[in-house]
Amino acid sequence: MKHLLSIESLTSQEIYEVLDLADSVKAGRHSSTERPLAGQCWALIFSKSSTRTRVSFEVGIRELGGDVMFLSANDIQLGRGEPIEDTARVMGRMLGGAVIRTYRQSDVEIFAEYSQIPTVNALTDDEHPCQILADLQTIREKLGGIEGRSLCFIGDGACNVARSWIWAAARLGFELRIAAPKGFQPDLELLSRASETARILVTEDVHEAARGADVLYTDVWVSMGKEEETASRLAAMTPYQINQGLVGVAARGALVMHCLPAYRGKEISAESFEAHAKTLFDQAENRLHAQKAILRLISASV
Ligand code: CP
Ligand code: NVA
């Protein structure tokens, strides 16, 4: 694995390789003396806000022996129109690797191609691969595995996190159900490509999707970059909330998951959030471990 640009571009074997290593990275966090990024400086280049991703990458790179700089895309010449190709060629001469949060998926792909350094997608409009790998680690810890399980995604079925779940289902073969209103369902071209190997139900009926599910998963109704659509999104998605009534139709002991940040009273009720806070913050912590595994694997392939 030279880069991590999407879940779509991973094989099931690569996904399991990350998950297995993430488990051992987590277990050995305070005893490991390995510093595979020693002597390297990495950059985080972010065009969107972040708490979890920024902190977990900054901590993770340092724990692996590397140095790290945070670059807000607006503060570098990229924000004044310097092409991504030129930015990438400059950075490729100096950095050990790059972690990028931006809008267009093509921008991280172009950066990887032109910089020739390990490049990680830290969220684009199309995918959030680091999130899904940490979530799979969490599901394995709590349910023993994702195989044979069903995961129900509720809310904006066309967002980056939902799209990455579609590719995870295509690669790993678990049952994915997406409950989303019309207009916020995954696009048909994507579904038809993924459906060659995935079992995916897309429905407007949130109870149908949640019934007997092993995992109820949600994300914000208004993703970064979609703020102008806030009113129409809130109106359309109001029935698509994880609350204790919906948890009651899922499987007994079902996990409630959220990539965070969470908006209580919108995509998840305050009651459900607090009832499942242990899972939600274990999920957030696993961003660190899963990403350290990713960094180790891609830096080893250089
Ligand atoms: N889940 C996630 O990526 O959180 P941040 O936006 O805070 O990084
Ligand atoms: N879908 C959300 C994820 C936030 C981590 C967004 O893109 O804003």
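The values are calculated or read from the model by the stated rules, or taken from the named source; none is laboratory data. What you see is a predicted model; the values in this text were computed from it and never measured. No Cβ is skipped: glycine too gets one built from the backbone with ideal geometry, and neighbour counts run over all protein chains shown. Ligands, DNA and RNA are excluded from the accessible area calculation, which covers all protein heavy atoms including side chains. Shrake-Rupley method; radii C 1.70, N 1.55, O 1.52, S 1.80 Å.
What's the total number of residues in the stretch 255-272 that are within 23 Å of PRO181 (Cα to Cα) and either more than 19 Å from the chain's Cα centre (by Cα) or among the hydroxyl-bearing types (Ser, Thr, Tyr) (or both)? Explain how you work it out, then say what you get.
To start, the set of residues in the stretch 255-272 that are within 23 Å of PRO181 (Cα to Cα) comprises 255-270, 272.
With either more than 19 Å from the chain's Cα centre (by Cα) or among the hydroxyl-bearing types (Ser, Thr, Tyr) (or both) added as a condition, the list becomes 263-266, 269-270, 272.
So the count comes out to 7.
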> With respect to GLY28, is the statement that it is away from ligand 2 (no atom under 16 Å from the Cβ), more than 17 Å from the chain's Cα centre (by Cα) and either of a type in the set (A, V, I, L, M, F, W, C) or more than 16 Å from ALA293 (Cα to Cα) (or both) true?
Replying inline: no
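Could you tell me which residue of the stretch 89-104 is nearest to ligand 1 (Cβ to nearest atom), considering only residues that are more than 24 Å from ALA38 (Cβ to Cβ) and open to solvent by less than 20 Å² (accessible area, probe 1.4 Å)? Step through it out loud before you land on a result.
The first filter runs over the stretch 89-104 and keeps only residues more than 24 Å from ALA38 (Cβ to Cβ), leaving 89, 101-104.
Adding the requirement that they be open to solvent by less than 20 Å² (accessible area, probe 1.4 Å) leaves 101-102.
Values: ARG101: 8, THR102: 13 Å.
Checked the stretch 89-104; the qualifying residue nearest to ligand 1 (Cβ to nearest atom) is ARG101.
Could you please find all residues in the stretch 44-72 being more than 16 Å from ligand 2 (Cβ to nearest atom) and of a type in the set (Lys, Arg)? Before you say what the answer is, go through the steps one by one.
Of the stretch 44-72, the ones more than 16 Å from ligand 2 (Cβ to nearest atom) are 45, 58-72.
Within the stretch 44-72, just ARG62 meets the criteria.
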> Hey, among the residues in the stretch 256-275 that are assigned to a helix (DSSP H, G or I), touching a residue at least 12 places away in the same chain (Cβ under 8 Å) and away from ligand 1 (no atom under 16 Å from the Cβ), which one's most open to solvent (accessible area, probe 1.4 Å)?
Replying inline: GLU271
> Hey, which of the helices (runs of 4 or more DSSP H) in the stretch 95-190, taking only ones fully inside, have at least 1 residues that are away from ligand 2 (no atom under 16 Å from the Cβ) and within 19 Å of SER223 (Cα to Cα)?
Replying inline: 105-115
> What residue, among those in the stretch 47-85 that are in a loop (DSSP other than H, G, I, E, B) and within 18 Å of the chain's Cα centre (by Cα), is farthest from ligand 1 (Cβ to nearest atom)?
Replying inline: SER47
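Only one of these is open to solvent by 10 Å² or more (accessible area, probe 1.4 Å) and under 30 Å from GLY28 (Cβ atoms): GLY212, GLY253, GLY225, GLY245. Name it. Spell out how you get there, then give the answer.
On the way: GLY212 fails: under 30 Å from GLY28 (Cβ atoms); GLY225 fails: under 30 Å from GLY28 (Cβ atoms); GLY245 fails: under 30 Å from GLY28 (Cβ atoms).
Only one candidate passes the filter, namely GLY253.
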>> Looking only at the stretch 223-276, how many residues end up being within 16 Å of ligand 2 (Cβ to nearest atom) and farther than 21 Å from ALA209 by Cβ?
In response: 10
>> Residue pairs, Cβ under 6 Å, 6 or more apart or interchain, first in the stretch 37-52 and open to solvent by 40 Å² or more (accessible area, probe 1.4 Å), second hydroxyl-bearing (Ser, Thr, Tyr). List them.
In response: SER47/THR102
